């Protein structure tokens, strides 16, 4: 039985709740996404728990649908970055030679500029839609996954047990899947959480800048932007999605922190 | 015989310049060679053939890519960043003014956050595992999880709207006194400080702890040397390189934070300039801004590496 | 009798441990240890890892490493109780009355300061001398400790001098404030054997000349016998026995001490020459990207069921030889014959039979086993891979192998992290054995283990050799191990075999210079060995 510390348990429950709401948004949201159902920035009431937004749409419903968009894009971008980054990283580490050199130098290049700046440059010429966003974010973030998985795999391939397997005459498949992968899994799982948070922050930032999800679609970053004008008049509608982003990120962070700690304690663990 | 340290520094700088050249290819390629017609992307689907042809001509899109790249790079090297498509202004002039504003903002953010982060990092390292450390790392976790614009709006809502302490919008213009400018940028500076502080503090803490746990610090303690002298004489000289690295890395991070914070507070800096022109698909401006941001980022990284080379006793005193 | 410099009574030391899957709790590291140390005397603390010897050594400075706390008993230094002394009192004491020499001088010196700055620091900080006096004192000590260019070596930085020199500089640093007690914590363990002897002699002379009292901590009884007046044997934080050196070595009272003294007394009868199973023929090799040969023209052979010991210091190329034989590093010239066949130089083109019949055991059993596989999987894989055994048949054979390495039932489903160091190495032996090999390459397989555990492993290897008629290519830096198990010996130095033959030939005079140096450097467990060895060396160099 694994002992889960309370902070990680809280993180797990919260993360689960966010995903549940995102998946079943259609059944949970009280109003449709785009329906104007009240006045501009109505305060919270029994009909509209969070009040209404800048043009009178139910903020609660927009938050739920917005969460769905944010989580969907972030999840898909994470899948892209992870799939691409880890496969290429492991390949570079096990194959070595010019393949490793070429991939590593290209990743160095991509990482020599801040991701946001590079994303802005690319988005200035591409038509902005969900697919583009997922691919651009996934590709840029794959560089970090590549570096990590390559480093982890290189650390493992120099271990004597991998050499022992090689001397036994084992094939590449056995070495990657039975010797390297089981030992690389925990750091990669922890990284998965961090990459997901990064994707959430990234898509929110892009949408906030008006370069992410385009109206009539909505995500949390976009909802902040739509309602930011109200802040000056003391209307906190823009803070609701902002808080949602923060809470989701912190929840996932709590889980990732725990996984990471477990990993390090496993590495240092010694028998009596 | 050249001292090996000079050779290393020259090598590092040359590598940085090479990287910058590669980045210029990446930025140019990213905007010019991506699938799809650039002119179409700029003008939209409803553009007439004539308008498209004019734009292609104006942007030199009919030349081969290599020629266009060469002309663009040649211009940059001579301080000519081209003209903006949207308003026909000379980009270098507009950008120069805004770059100065951005530097002004970033300078004050750095001037406050760097000493603060190092002091707090030292405190966290000194009380590692005790409550000041836990408090600091808790706050760190929270701020790392917040995007810059969220911090910005929360700060704005509380400080500018609820308590009316600071202006919510940071307009600065030429005739303002320094005091008035500083008052105007207080809120964005605060937000930037909050955003970079956490990372910088956490990494400083790790760097200091790493040095404090080394065997030579134990040796110094076992000589009966006072804690102050242990830190000053034994820990600090070895902690300089990692801490400088942390600082530089986070100043580079500040470059990104600036983009978002400028938009939040409507500050007339380079970030806002870039975002506006991305939305308008004004390619020459986007390319120019991208290059300037990249140059600053790479420059800071070179500086960090050079300082750690200079601070390494093994390199300074070769065998 | 005058009052002792150091007097410890009923010392109890505890530490808090943080296991990953259990709440933190306290464990007792040292329990009820008492000792007295008179002026000018040297007390050796000896024990295996986990005996608490370093912890006791540091308690003489009232210092606990990490979360270690001195929780009970009394520590008296120069007549004052120091266990409960406050930080200020301890600061005035450390570096003035008691100083410390660490195992790894390379890590213990600050890389950013010159050696002289660090050597005189304590003397100056405690106001014991002016800077010029302190530096003069340091230079005198450098000279006494036999350091080259004693007048100028202090201007150098730590990375600019060798490991053996650094260890002597650290001794000078400890002696410079003229303390009444020095704690030596395994000062020669990290050094090569031929370097160790000089450092050992220098330390011994310096202790003798300055009349300082010393605690000398080591795991090597033969070393401690050379420098100590008395020896305290420790085990699991408790005293086993204390006595003068002669009594401990010649007449130990306790079984555990007796075991420590008689370690490496394995008697192995040399086997007669026979048709070889392995022949290394003119092998020359270098690593890609380098411009010198790590091995040049190596010729050795090995008969079935026999042991060839390849002995040399770090950098001699002995481990590279293993890499060439296993096919990890194809040689530039020469060939390897195995079982009457030519082995292809490259691992990838070798047949499954060749791979099966040539197995390998590593120095660090920790990293030689996949931490995510159970003992059953680790030993079972060669059975499955080479012989196609599965299910119950495989499990039965794994258990047989476990019985053979004397581990018995209950281990098959455990993970490596749950085993002790010796058990891990046994599992690695079983994994090699599972392939039914004709030759096993053993790369420093006992050097990471405590002497008694290592002894057990060597006995097991000899027993298995008799049962299975398997040959060992035994790579080691430790001549005592060589004497215990070899049938033939190859001495390597800078990539060449400088002496090769049967054990009796190699270990009998006349010697070449290097073998002589190597043989005369191995500490022997008798009094006066160090003086004889040093005298022998001086004579040899005078004769040249």
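Hey, among the residues in region C:85-98 that are closer than 14 Å to residue B:223 by Cβ and assigned to a loop (DSSP other than H, G, I, E, B), which one's farthest from the other protein chains (Cβ to nearest Cβ)? Ranking the candidates gives C:97 first. Within region C:99-126, being part of a loop (DSSP other than H, G, I, E, B), more than 7 Å from chain B (Cβ to nearest Cβ) and surrounded by fewer than 24 Cβ atoms within 10 Å (Cβ to Cβ) holds for C:103, C:113, C:114.
Inside region C:167-201, residues that are farther than 23 Å from residue C:53 by Cα and either outside the structural domain of residue C:93 (by TED's automatic domain parsing) or within 22 Å of the chain's Cα centre (by Cα) (or both) make up a count of 4. Note on region A:2-32: residues that are over 24 Å from the mean Cα position of the chain (by Cα) and in contact (Cβ under 8 Å) with a residue 24 or more places away in the chain total 3. Looking across region A:115-147, the residues that are surrounded by 21 or more Cβ atoms within 10 Å (Cβ to Cβ) and either within 8 Å of another protein chain (Cβ to nearest Cβ) or at positive phi (or both) come down to A:116, A:117, A:118, A:120, A:121, A:122, A:123, A:124, A:125. Among (1) within 30 Å of residue A:207 (Cα to Cα); (2) out of contact with any helix residue (DSSP H, G or I) (no Cβ under 6 Å at 6 or more places or on another chain), where does residue A:105 come up short? Only one criterion in (1) within 30 Å of residue A:207 (Cα to Cα); (2) out of contact with any helix residue (DSSP H, G or I) (no Cβ under 6 Å at 6 or more places or on another chain) is unmet by residue A:105, namely (1). Scanning region C:291-336 for residues that are closer than 24 Å to residue C:467 by Cα and without any contact (Cβ under 8 Å) to a residue 60 or more places away in the chain returns a single hit, C:301. The residues of region A:218-233 that are at pLDDT 85 or above and part of a loop (DSSP other than H, G, I, E, B), listed by number, are A:218, A:219. The criterion of being modelled with pLDDT under 85 and more than 10 Å from every other protein chain (Cβ to nearest Cβ) holds for residue B:284. Taking region C:448-465 as the range and being in contact (Cβ under 8 Å) with a residue 60 or more places away in the chain and either more than 15 Å from the chain's Cα centre (by Cα) or within 14 Å of chain A (Cβ to nearest Cβ) (or both) as the test, the residues that pass are C:448, C:453, C:458, C:459, C:462, C:464, C:465.
When the helices (runs of 4 or more DSSP H) confined to region C:448-544 are screened for residues that are within 27 Å of residue C:438 (Cβ to Cβ), those reaching at least 2 such residues are found at C:451-468, C:479-485, C:503-506. Scanning region C:131-149 for residues that are closer than 22 Å to residue B:313 by Cβ, assigned to a loop (DSSP other than H, G, I, E, B) and touching a helix residue (DSSP H, G or I) at 6+ places or on another chain (Cβ under 8 Å) yields a count of 2. Against the numbered list (1) more than 13 Å from every other protein chain (Cβ to nearest Cβ); (2) surrounded by 22 or more Cβ atoms within 10 Å (Cβ to Cβ), residue B:206 comes up short only at (2). Among the residues making up region A:152-205, those that are more than 10 Å from chain C (Cβ to nearest Cβ) and either touching a strand residue (DSSP E or B) at 6+ places or on another chain (Cβ under 7 Å) or free of Cβ contacts under 8 Å to residues at least 24 places away in the same chain (or both) are A:155, A:171, A:173, A:177.
Out of contact with any helix residue (DSSP H, G or I) (no Cβ under 9 Å at 6 or more places or on another chain) and closer than 30 Å to residue C:322 by Cβ: does that describe residue A:173? Yes, satisfied. Which ones in region C:398-420 are within 26 Å of residue A:173 (Cα to Cα), away from chain A (no Cβ under 11 Å) and surrounded by 20 or more Cβ atoms within 10 Å (Cβ to Cβ)? Answer for region C:398-420, where residues must be within 26 Å of residue A:173 (Cα to Cα), away from chain A (no Cβ under 11 Å) and surrounded by 20 or more Cβ atoms within 10 Å (Cβ to Cβ): just C:398. In region B:209-218, the residue that is nearest to the other protein chains (Cβ to nearest Cβ) out of those that are touching a residue at least 12 places away in the same chain (Cβ under 8 Å) and in a helix (DSSP H, G or I) is B:216.
crowded, with 18+ Cβ neighbours inside 10 Å, closer than 25 Å to residue C:477 by Cα and away from chain B (no Cβ under 13 Å): does that describe residue C:203? Against the criterion (crowded, with 18+ Cβ neighbours inside 10 Å, closer than 25 Å to residue C:477 by Cα and away from chain B (no Cβ under 13 Å)), residue C:203 qualifies. Take the conditions (1) within 9 Å of chain A (Cβ to nearest Cβ); (2) farther than 18 Å from residue A:170 by Cα; (3) more than 27 Å from the chain's Cα centre (by Cα); residue C:332 misses just one of them, which is (1). In this entry, residue A:50 passes the filter for residues that are surrounded by 15 or more Cβ atoms within 10 Å (Cβ to Cβ) and outside any helix (DSSP H, G or I).
The rows are residues; the columns are (1) in a helix (DSSP H, G or I); (2) touching a helix residue (DSSP H, G or I) at 6+ places or on another chain (Cβ under 8 Å); (3) crowded, with 20+ Cβ neighbours inside 10 Å; (4) on the phi > 0 side of the Ramachandran plot.
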residue: B:86; (1), (2), (3), (4): no, yes, no, no
residue: B:95; (1), (2), (3), (4): yes, yes, yes, no
residue: B:105; (1), (2), (3), (4): yes, yes, yes, no
residue: B:112; (1), (2), (3), (4): yes, yes, no, no
residue: B:117; (1), (2), (3), (4): yes, yes, yes, no
residue: B:124; (1), (2), (3), (4): yes, yes, yes, no
residue: B:134; (1), (2), (3), (4): yes, no, no, no
residue: B:158; (1), (2), (3), (4): yes, no, no, no
residue: B:175; (1), (2), (3), (4): no, no, no, no
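Just one of the numbered conditions (1) within 11 Å of chain A (Cβ to nearest Cβ); (2) without any contact (Cβ under 8 Å) to a residue 60 or more places away in the chain is not true of residue C:432: (2). For residues that are under 16 Å from residue B:253 (Cβ atoms) and within 14 Å of chain A (Cβ to nearest Cβ), scanning just region B:177-201, find the one that is surrounded by the fewest Cβ atoms within 10 Å (Cβ to Cβ). That would be B:199.
The values are calculated or read from the model by the stated rules, or taken from the named source; none is laboratory data. As the structure is a prediction and not an experimental result, all values here were calculated from the model. Don't worry about glycine lacking a Cβ; one is built from the backbone with ideal geometry, like all the others, and counts go over all protein chains shown.
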